[in-house]
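Below is one structure, written out as structure tokens, with a few remarks after it.
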Amino acid sequence: MAATKRANSGAAKKPKLGQNFLADVGAAEQIVEALGDVSNSVVVEIGPGKGALTQVLARRAHRLIAVELDRMMSTELRFKYRLQPQVEIIEADVLKLDFRTVLNRTIGPLNDLRPLKPSRARVVGNLPYYITSDILLRLFEFHEQFDVIVIMVQREVADRIAASPGTRDYGMLSATAQLYARIENLFTLPPEAFSPPPKVHSSVLRLTVAPRFAELQINPAGFIAFLKMAFAMKRKTLLNNLKKDYGEEIIRSSLKEAGVRADVRAEALPLETAAQIFRKLKN
Ligand code: SAM
């Protein structure tokens, strides 16, 4: 009896693995549309779940590789698409997947021996929100494999990813994402578009992969480590965040040379200025 009561009172239970499934068919079409023409592309879908996006993609993509961690769901999808050799369902943790290996295999699923096209793949997914940043960082690690990434994330996270320098939302996530891609915040969906409905609104972002390393004259690993330090304590000035790693004097002179005030915070700096300061500090 007590156990039944407890089970029934669990209505607001958190869905496992961030499983809020898209129930709005029109929105699924719109998300896939945002990828552009995929008839000649390999598309990687992250977290297909019950297949709301998968069924649109399976009709349109040259080849679809969907990565789902949930064993039951990946098994069901594999059964559903067993007669469509252009659709491959991989049961895996997207955070552990080596995209380079997956995308550069020459032998396809089942009996499909068509080689994959050498062009870069597109990525799409209604992401499990609890690991949004980790997934993005993973995709950036393999950025050479991708050209367009369309993802649905929690609205507030989308706002942060797309934020401009000098605004409240701009931070480490914005700077990193904007180092790798041009970001467009496309549209927002209410909780009712999902089943079960999450507690938050969701937004769809398009990231056109266009790394800025050469233009900013930085090496990405070093610059990202610098950004991490710069944003370590958001309310502290850049000077205070950096001074234990560089001398105060050199920081002051690089800020001056970059034409910014000594009490500037990292969130106010466009990437060009942050890169200029970084280059000066490194020399
Ligand atoms: N694409 C479906 C839709 O729009 O209805 C499902 C989206 S649901 C928000 C997120 C999906 O990601 C779930 O199916 C979940 O099982 C899957 N997932 C969660 N963590 C994952 C991981 N680390 N790797 C791959 N898939 C994951």
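Throughout, read-outs are computed from the coordinates displayed, never taken from laboratory work. Bear in mind that the values here come from a model prediction, so they are computed numbers and not experimental data. Using ideal geometry, Cβ is built from the backbone for each residue, glycine included, and neighbour counts are taken over all protein chains shown.
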Highest mean packing first, using Cβ neighbours within 10 angstrom, the peptides 231-238, 246-253, 148-155 sort as 148-155, 231-238, 246-253
The Cα extents of the range 21-211 along the principal axes, largest first and rounded to whole Å, are 53, 36, 28
For the range 21-211, the dipole about the Cα centre with charges only on Cβ (Lys and Arg +1, Asp and Glu -1), to the nearest 20 debye, works out at 380
Under the 7 Å Cα-to-Cβ spin-label approximation, L83 and N240 lie apart by a distance in nanometres of 6.7
Here the alpha-carbon Rg of the range 215-282 over 2.2 N^0.38 Å rounds to 0.97
Going from the fewest other Cβ atoms within 10 Å to the most, one would list R105, R206 as R105, R206
Once both label points are put 7 Å beyond Cα along the C-beta direction, the R100-S119 separation in nm becomes 2.3
Note: A23 to T273 extended length (0.36 nm per residue) minus current alpha-carbon separation gives 85.6 nm
Rounded to the nearest 10, the angle in degrees between the Cα long axis of helix 271-282 and the longest principal axis of the Cα atoms of the chain comes to 60
Sorting Y81, P190, P48 by the position of each Cα along the dipole of the range 21-211 (Lys, Arg +1; Asp, Glu -1; all at Cβ), the one nearest the positive end of that ordering is Y81
In nm, the gap between the two label points placed 7 Å beyond Cα toward Cβ at D169 and L137 is 2.2
With only helices counted (DSSP H, runs n ≥ 4, each -39500 (n - 2.57)), the per-residue ellipticity at 222 nm for the chain, to the nearest 500, works out to -10500 deg cm²/dmol
One finds the C-alpha centres of the range 194-225 and the range 11-75 to be spaced, in Å, by 19
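Work out, step by step, the length gained on full extension between M233 and K282: first 0.36 nm times the residue separation, then minus their alpha carbon distance; give nm to one decimal.
Working it through step by step, the gained length comes to 15.5 nm.
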Comparing R160, R120, R261 in a Gaussian network model of the chain (Cα, 10 Å), the one with the largest mean-square fluctuation is R261
